[in-house]
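One structure below.
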Amino acid sequence: MKKVLNVLYQSNDNYADLTGVSMTSLFINNKHLDEINVYILNDNISKINLKKMQVLANQYQRKLIIVGTDHIMKKLKQLNVEPYKNTYTTYFKLFGVGEIHNNTDRILQLDGDTIINGPLDELLKMDLEGTVCAATYDCILNEYKSLVDIPQNDKYYNCGVLLINTEFWREYKCEEKIIYHLSHVRNKYFTVDQDIINVLFRNKIKYLHLKYNFNSGFYIYGIEGSIKIYNLKDEYFSTRKQIEEAYKSPIIYHCMGAMTGRPWEKGSIHPQNDIYNRYLKQSPWKDDEKKVVHRGMIFKIQRILYLFLPRCIYNPIHRFILKRYLTNMNRQLLNRMNE
């Protein structure tokens, strides 16, 4: 039986290079698969970057399918959805999945800030019956759940890596449920598509081992530090044993942001810099300059504190700042929704 992997990314031009590096890592570590088909939900990616993506796919004899998104953009604006960091790209998966008819019953949705560092064979045969998707629990401040009306002892999933059951997605009418929710319940969220998927479908999501979506925060703050910062417990997060297993050798790194910066930025001190650079050098973007990101004073102060304070002192400060920030952002979103 052929081993076929279908993958879905969404990207704008600003994220095209790191999405390309993610694709490079995917192809390098899964050369043994008979077929890999990569779908890109395209938000105005430049011709230069699209050409590089095609060159990359050709190099590894993989298929690249570019999917237009003008109709999705129009739908989001009609629903009065608020852009996230001045772009609608992160929402695209909500409306793009149902349109993709591939030769299997599943598609692996990956955010561009992921690095695939191992084979994905296990995901080809994972049982998804009766589930919208499989996902890992998210390393997010546990108190955040109450801001989106999810009980604090309930599961909350990260949507940067989703193994989506495309047949059940259509059968369960996920897109229709999303449209109704955005139209009649709430259309402004802080973590946007992730909040929407958790609010609507968390009881139809299957657990995916943390090694397939390992949050870089565990390296930034340490395992014990992350557990304390985010108030993570076994009943609604992965067990400490699972965290320690994934920590040693993740299959998919999720290069999450923090005061470290990110691996594709100049001046980054991110823990995944080395592994990102390894795949960057093997990609068509190897000669591109890294991004210059201008940070505010609060970010710069946090970085200084992170670099010079012991973790036992810094981590509680980070928790306090994060909790206050998320509460304020959620309040602002609700105020704008009620205007």
Subset of the range 266-320 [among the basic types (Lys, Arg), in a helix (DSSP H, G or I) and over 20 Å from Met53 (Cβ atoms)]: Lys300, Arg303, Arg311, Arg319
Failed condition for Glu143, given (1) closer than 25 Å to Asn80 by Cβ; (2) assigned to a helix (DSSP H, G or I): (1)
Test for Asn231: is it on the phi > 0 side of the Ramachandran plot and open to solvent by 20 Å² or more (accessible area, probe 1.4 Å): yes
Pick from the range 136-174, criterion within 17 Å of the chain's Cα centre (by Cα) and among the β-branched types (Val, Ile, Thr), ranking: most open to solvent (accessible area, probe 1.4 Å): Ile140
Pairs where the first residue, in the range 229-252, is more than 13 Å from Phe214 (Cα to Cα) and the second is small (Gly, Ala, Ser) and surrounded by 13 or more Cβ atoms within 10 Å (Cβ to Cβ), C-beta under 9 Å, 6+ apart: Ile229/Gly217; Tyr230/Gly217; Leu232/Ser226; Leu232/Ser238
Residue match in the range 180-194 (condition: open to solvent by 60 Å² or more (accessible area, probe 1.4 Å), more than 16 Å from the chain's Cα centre (by Cα) and within 20 Å of Arg311 (Cα to Cα)): no
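I need the helices (runs of 4 or more DSSP H) fully contained in the range 164-259, keeping only those with at least 1 residues that are under 27 Å from Lys323 (Cα atoms).
Values: elements: 166-171, 174-184, 192-201, 217-220, 223-230, 240-248.
Ranges flagged: 174-184, 192-201, 217-220, 223-230, 240-248.
So, in the range 88-124, of the ones that are among the polar types (S, T, N, Q) and crowded, with 17+ Cβ neighbours inside 10 Å, which residue ends up nearest to Asp17 (Cα to Cα)?
Step one: list which residues in the range 88-124 are among the polar types (S, T, N, Q), which gives 89-90, 102-104, 109, 114, 117.
Within this subset, residues satisfying the condition of being crowded, with 17+ Cβ neighbours inside 10 Å are 89-90, 109, 114, 117.
Details: Thr89: 15, Thr90: 16, Gln109: 17, Thr114: 12, Asn117: 18 Å.
Here the answer is Thr114.
Suppose we filter the range 42-63 for residues that are in contact with a helix residue (DSSP H, G or I) (Cβ under 7 Å, 6 or more places away or on another chain) and either farther than 24 Å from Asp121 by Cα or among the small types (Gly, Ala, Ser) (or both); how many remain? Even if it seems obvious, please write down each step before you answer.
Of all residues in the range 42-63, those in contact with a helix residue (DSSP H, G or I) (Cβ under 7 Å, 6 or more places away or on another chain) come to 43-46, 49, 52-53, 56, 60, 62-63.
Next, only the ones that are either farther than 24 Å from Asp121 by Cα or among the small types (Gly, Ala, Ser) (or both) stay: 43-46, 49, 52.
Of the residues in the range 42-63, 6 are in contact with a helix residue (DSSP H, G or I) (Cβ under 7 Å, 6 or more places away or on another chain) and either farther than 24 Å from Asp121 by Cα or among the small types (Gly, Ala, Ser) (or both).
Hey, among the residues in the range 71-87 that are in contact (Cβ under 8 Å) with a residue 12 or more places away in the chain and not aliphatic (A, V, I, L, M), which one's least open to solvent (accessible area, probe 1.4 Å)? Spell out how you get there, then give the answer.
Taking the range 71-87 as the starting set, the residues that turn out to be in contact (Cβ under 8 Å) with a residue 12 or more places away in the chain are 72-73, 75-76, 79-82, 84, 87.
This time we only want the ones that are not aliphatic (A, V, I, L, M), so: 75, 80, 82, 84, 87.
Details: Lys75: 57, Asn80: 94, Glu82: 45, Tyr84: 71, Thr87: 29 Å².
Selected residue: Thr87.
For the subset of the range 270-288 comprising residues that are open to solvent by 20 Å² or more (accessible area, probe 1.4 Å) and in contact with a Lys or Arg (Cβ under 8 Å, 6 or more places away or on another chain), which member is nearest to Tyr60 (Cα to Cα)?
The initial filter retains those residues of the range 270-288 that are open to solvent by 20 Å² or more (accessible area, probe 1.4 Å), namely 271, 273-274, 277-278, 280-282, 284, 286-288.
Next cut, in contact with a Lys or Arg (Cβ under 8 Å, 6 or more places away or on another chain) only: 280, 284.
On the way: Leu280: 15, Pro284: 12 Å.
Only one residue tops the list, namely Pro284.
The values are calculated or read from the model by the stated rules, or taken from the named source; none is laboratory data. None of these values were measured; they are calculated from a predicted model. Every residue, glycine among them, receives a Cβ derived from its backbone with ideal geometry; neighbour counts consider all protein chains shown. These accessible areas exclude ligands, DNA and RNA; they are computed on the full protein's heavy atoms, side chains included. Shrake-Rupley method; radii C 1.70, N 1.55, O 1.52, S 1.80 Å.
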